[in-house]
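Where a number appears in this text, it was derived from the coordinates with a stated rule and is not lab data. Source: prediction; values computed, not measured. FYI the Cβ positions are ideal-geometry reconstructions off the backbone, even for glycines, and counts take in every protein chain you see.
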């Protein structure tokens, strides 16, 4: 690859999720790149193993920014525009919020790896207002005004990107709809080699998710209460107390767990229940990598990672009746799922595959 000075811009580095794993993989391709981000935690950077120089925005120094960074959303477009990136030849933004809005010059190449356009201001707008109880009152007016401004800025800033990469066809369709741009699709990296199948399945089903409203973990708990089947829920979040109150004796709420513990539980489960609509969704791939089928809502990235009847079962509607039918169907057909097929499918999304595809794409641009 031609020797270039590279900067990578990432929204924030506070928790470790799919976006941060993409960031890590990009930095393995460009180990000398500098990183620019709105807010970061040193402990998270250490856990990710990032050794690049990190330049935070002014938000990083504001009160409670590390814990309550989302409260500074109205300032984020301004903050990301303050990064002076004029010394770099190639700028890669890893964006699900505002990172793509950085300012570059005509001689620079700006490639955006888009995890999604901001969902809470676009396709999740009305459900977000409902979930956050912001449908009435002064706060409602304020949030609607802020989101209106953000939508205008979001579309405008899309024009600053030279090349868009989407993390799934699902997100590519969203980019076409909102930004009127035609991205290529490069699936995100999944550490499939860290997962292995168990010799023996146990009788429980599993949910592995942040406990927030749009993940629909409450829906899963409601269905398993009715079915009286064993269910493990791993994860934490604002809905934790709600989920605990709902759960009957057949459901165990384990909270956050170490990766090694998660892998063991996932490999021994009958199936992963995946009830949310995700941009891509790494967890279903991880489940398949350890030989565990997936019962998934038939929307979003799951349609690209799960093969109906071979690696999982879909349910059509995000309601109890549809999910219950899918679980009962799985119980009838579970012997037809072969772990070899599940593992083979998961390998399509490996980290090495991502690095090869991403590097090849960048090389094609800069020739």
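Taking the radius of gyration and the Kirkwood hydrodynamic radius from Cα positions alone, what is the Rg/Rh ratio for region 240-300, to two decimal places? Radius of gyration over Kirkwood radius for region 240-300 works out to 0.98.
Pull out a ≥ b ≥ c, the square roots of the eigenvalues of the alpha-carbon gyration tensor of region 117-222, then state rounded if a/c is under 1.5, prolate if not and a/b is larger than b/c, and oblate in the remaining case.
Details: a/c = 3.60, a/b = 1.29, b/c = 2.79.
Here region 117-222 falls in the oblate category.
Multiplying the sequence separation of residue 44 and residue 254 by 0.36 nm and subtracting their Cα-Cα distance, what value in nm do you get?
On the way: separation 210, 0.36 × 210 = 75.60 nm, distance 2.24 nm.
Length difference between fully extended and current span is 73.4 nm.
The distance linking region 278-345 with region 75-95 is 38 Å (Cα centroid to Cα centroid, whole angstrom). Taken over region 286-367, the ratio of Cα radius of gyration to 2.2 N^0.38 Å equals 1.38. Three principal axis extents describe the C-alpha atoms of region 192-349; from largest down they are 39, 32, 30 Å. Here is how the number arises for the chain: DSSP H runs of 4 or more residues each give -39500 (n - 2.57), the sum is divided by the residue count, and the result at 222 nm is -11500 deg cm²/dmol. FRET efficiency for the pair residue 155 and residue 299, taken as 1/(1 + (r/R0)^6) with r the Cβ-Cβ distance and R0 = 25 Å, rounds to 0.55. In degrees, nearest 10, range 0 to 90: what is the angle between the Cα axis of helix 351-366 and the longest Cα principal axis of the chain? Approximately 30 degrees, to the nearest 10.
Given contacts defined as C-alpha pairs under 8 Å and at least six residues apart, what's the relative contact order of region 117-239, whole-number percent? Please list the in-between numbers first.
Working: 97 pairs, mean separation 21.7, N = 123.
So the answer I get is 18 percent.
Can you tell me the 0 to 90 degree angle between the C-alpha axis of helix 137-158 and the longest principal axis of the chain, rounded to 10? Computed tilt is about 60 degrees.
Just how far, in whole angstrom, is region 255-269 from region 1-73 if you go by their alpha carbon centroids? If we compute the Cα centre of each part, the gap is 27 Å.
Taking every C-alpha pair closer than 8 Å and separated by at least 6 residues, the mean separation divided by the residue count of region 192-349 gives a relative contact order of 24 percent. Each label was represented as a point 7 Å from its Cα along the Cα-to-Cβ direction; for residue 214 and residue 16 these points are 2.4 nm apart.
Report the calculated FRET efficiency for residue 87 and residue 360 (r = Cβ-Cβ distance, R0 = 41 Å), to the nearest 0.05.
Numbers: r = 26 Å, r/R0 = 0.63.
Given R0 = 41 Å and the Cβ-Cβ separation, E is 0.95.
For the pair residue 146 and residue 184, label points projected 7 Å from Cα toward Cβ lie 3.7 nm apart. Rounded to the nearest whole angstrom, the semi-axes of the ellipsoid equivalent to region 146-283, taken from the Cα gyration tensor as √(5λ), stand at 35, 20, 12, largest first.
Dividing the mean sequence gap of close Cα pairs (under 8 Å, 6+ apart) by how many residues the chain holds gives a relative contact order of 13 percent. Were the residues from residue 70 through residue 347 laid out at 0.36 nm apart, the gain over their Cα-Cα distance would be 96.3 nm.
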